[in-house]
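The values are calculated or read from the model by the stated rules, or taken from the named source; none is laboratory data. Keep in mind the model is a prediction, meaning the values are calculated, not measured. Quick reminder, even Gly has a Cβ in these numbers, built from the backbone with ideal geometry, and neighbours come from all protein chains shown. Accessible surface is based on the protein model in full, side chains and every heavy atom, while ligands, DNA and RNA are left aside. Shrake-Rupley method; radii C 1.70, N 1.55, O 1.52, S 1.80 Å.
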Amino acid sequence: MDTGTATGGFGALLRGLRTRAGLSQEELALTAGVSVRALSYMERGRSRGPQRRTVQALAEALGLDADTARQLERTASLGRSRRAPATDVPSLAAPPNAVAPTGAPDLLPRAPRGFHGRAAELAALACAADSDAPVCLVVGPAGVGKTALVLQWAHHSRAGFPDGLLYADLRGFGDTSEPTLVEVLREFLSALGVAHGRIPESANGAAALFRSLTADRRLLVVLDNARDSQQVRPLLTSGRRCVIVVTSRHRLPGLIVTDTARLVAVDVFDPQDGTMLLAEVLGEERVHAEPAAARRLAELCGGLPLALRVAAARLAQRPSWSLAAMAGELSDESRRLSLLDVEDTGVRAALRLTLQQLPRDVSDLFAHLGCHPGTHVDRYTAAALAGTDPGAAEASLERLTVAHLVTETAPGRWTMHDLVRLFARSLDAGPEGLTRVIDHYIATALAAIAAAEPGNEDCFPPLAHCSPPAATREFTDRSAAVAWYTTERNDLVQAVSAAHAAGLHDRTWRIVMTLWPLMVWRVRDGWVPLLKTGLEAARADADRYGEARVLNVLGWVLTEEGHIAEALTHLEASSALASRAGDTVAEANALIALALAQAALGSLDSAAQGCERAVGLARKAGDRVLERLAMQHLARHRADAGSGAKPSTPRPRPWPSTTARPRPTFLGSCSSS
């Protein structure tokens, strides 16, 4: 409402001072701690004369001298209303004497202590609050500091809400019961001056009176810890001058749909901000004395403010402890969550309360995600872990995403925060999940091989006892298979380590062997340690067939890397094992790869003899592809021997693109990148 020329004079003066200072409205609002909307109203003459503390904040932000600051205050005082607070209430809601003449209510809890950073989020919240009839939705995982952010902003923006600040903790994620709608409305109405006896007993009546009272007021209403949209809607005001800020661990998409809520996402701190938060609590001297340890602490806490504050609280109680000692203790994953609990506050408690709000099937899938050895899952992987179908798994993953327990990093691909993953593992869903997900990876990789290299020999015989997934991803062509391998490589490697650690030796070497297409495409990409893990597993399983195949690939990769002597040892062993096992195809392939290593050392006659034996074995097995490959390399070695050519370095000679490079049997038709 326009307040006349006096306030208009203040607005013109303020606008001129801001322009001369070279500040935008956003910059002045952020520095002075007022909302952009309030500042805009002042400059346009639509607000009442600002209070003295607001004018002082503006003067300081503008860097005014004493005389100019006094002039700004005098101009503002002329526009301040002298009338008593409004007491009129629409007759349909309540009689006129229902509201007592009280001052502006303030139900905000105290401002957070040791608040640090969040400049971008504070600016985003101020921007969201500056829109017409705004509902601001501040969301993020448990312990990320949503409430602290909102209270920090609210206390600094109180000048923009002269008619009051209301706050209610809806306790949507707590051990104590949630307040009823009537209880919240009674507290709000009482703060707004409604006599206790005049507050309607029904929720609908109280909500109607609340909407009537707030229709023309400039209020801030903070609804903290909301469980869902349904809990919030009856508490929304109808006035276009009110700002409602809702915090939740859930995204509450319903509020975005029905009330055009503006989303403000709050994420974890980066290591630098995490370190600075530790300094706020422990003191800069103590943190600056151990900068590397402080950064490591921030990383181990995953940038989660709650975890950082708990760690700092432990250190504050023990002045003699070093930050390095605390970081050392937190490095133990088996103890990390317990060390990040203090009394009834901590990461584990916060996550447990979040999980309790979810349906049983969703919380069960979350527990099974703790069995996953990697960092990312898709709907097929999640389904294998939980023993369900991909559709049901995807629906549960969506619910977990809304609850900020998992994050969708790419379409159809989810991950968890490190501390959330530790919490999931602590739920102990049983060892079956790991076996199921390893079998899922093997089945999917075999499907990818069939699409990428159709017609190749199988890498290995099927498992005698396995847990086939309910559904396996389908690959339409080679590019789809390559994309899957590229995306899943790290998780497949971690699955190998997990299977080996769990003693699943028959699965360990098999999943290593399913990676052969990626080894061919990126042969010098550090595969030796992984292949040696597969070799160790095959030997532990006493599987001579598997041992021969792994040795074959390992020798070929070592040859490509230039480690010829070690390659010869493995390839000779592979050939001997395959011969004893009567595996003529594997023996022939080993001889071709062995010939390459021999040729690299200048033993061209030995290489040619090995290829001759490989030709005979391939014919015996009836494998025409392998026979052609052996003959091709036989011709190459004989030609080099006849010309007297010898490699100048103990590296395998580069093969022309028109000539297939020797590789294990099931790699024979694969083209090299």
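The table below gives the values:
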item	result
Residue within the stretch 450-458 that is surrounded by fewer than 14 Cβ atoms within 10 Å (Cβ to Cβ), in contact (Cβ under 8 Å) with a residue 60 or more places away in the chain and farther than 17 Å from GLY412 by Cα present	yes
The lone exception for PHE366 - which of (1) of a type outside the set (A, V, I, L, M); (2) in a helix (DSSP H, G or I); (3) open to solvent by 10 Å² or more (accessible area, probe 1.4 Å) it fails	(3)
Selection from the stretch 387-421 of residues that are small (Gly, Ala, Ser), farther than 22 Å from PRO431 by Cβ and outside any helix (DSSP H, G or I)	ALA403, ALA410, GLY412
The stretch 41-68, residues that are open to solvent by 40 Å² or more (accessible area, probe 1.4 Å) and either out of contact with any Gly (no Cβ under 7 Å at 6 or more places or on another chain) or touching a residue at least 60 places away in the same chain (Cβ under 8 Å) (or both)	ARG46, ARG48, GLN51, ARG52, ARG53, GLN56, GLU60, GLY63, LEU64, ASP65, ALA66, ASP67
Subset of the stretch 171-185 that is in contact (Cβ under 8 Å) with a residue 12 or more places away in the chain and within 20 Å of GLY346 (Cα to Cα) - its residue that is most open to solvent (accessible area, probe 1.4 Å)	ASP175
Residue selected from the stretch 314-331 under the condition part of a helix (DSSP H, G or I) and over 26 Å from the mean Cα position of the chain (by Cα), by the criterion surrounded by the most Cβ atoms within 10 Å (Cβ to Cβ)	LEU323
Residue selected from the stretch 187-223 under the condition open to solvent by 40 Å² or more (accessible area, probe 1.4 Å) and touching a strand residue (DSSP E or B) at 6+ places or on another chain (Cβ under 9 Å), by the criterion nearest to LEU137 (Cα to Cα)	GLU187
Conditions (1) under 26 Å from the mean Cα position of the chain (by Cα); (2) buried (at least 20 other Cβ atoms within 10 Å of the Cβ): number failed by ALA483	(2)
Residue pairs meeting the criteria (Cβ under 9 Å; at least 6 apart or on separate chains; first closer than 21 Å to ILE244 by Cβ, in the stretch 20-40; second of a type in the set (Asp, Glu) and not in a loop (DSSP other than H, G, I, E, B))	VAL36/GLU26; LEU39/GLU26
Criterion: among the acidic types (Asp, Glu), buried (at least 18 other Cβ atoms within 10 Å of the Cβ), closer than 26 Å to ARG507 by Cα and at pLDDT 90 or above - qualifying residue of GLU572, GLU536, GLU547	GLU547
Meets criteria (buried (at least 19 other Cβ atoms within 10 Å of the Cβ), assigned to a strand (DSSP E or B) and not aliphatic (A, V, I, L, M)) for THR247	yes
Residue check, GLY302 in contact (Cβ under 8 Å) with a residue 24 or more places away in the chain and under 22 Å from the mean Cα position of the chain (by Cα)	yes
Pairs, first touching a residue at least 60 places away in the same chain (Cβ under 8 Å) in the stretch 218-238, second open to solvent by less than 20 Å² (accessible area, probe 1.4 Å) and hydroxyl-bearing (Ser, Thr, Tyr), C-beta under 6 Å, six or more apart	ASP224/THR247
Lone qualifier among GLU299, GLU285 - being part of a helix (DSSP H, G or I), within 22 Å of MET416 (Cβ to Cβ) and either open to solvent by 80 Å² or more (accessible area, probe 1.4 Å) or at pLDDT below 90 (or both)	GLU299
Looking only at the stretch 45-66, and only at residues there that are at pLDDT 80 or above and among the charged types (D, E, K, R), the one that is nearest to ARG241 (Cα to Cα)	GLU60
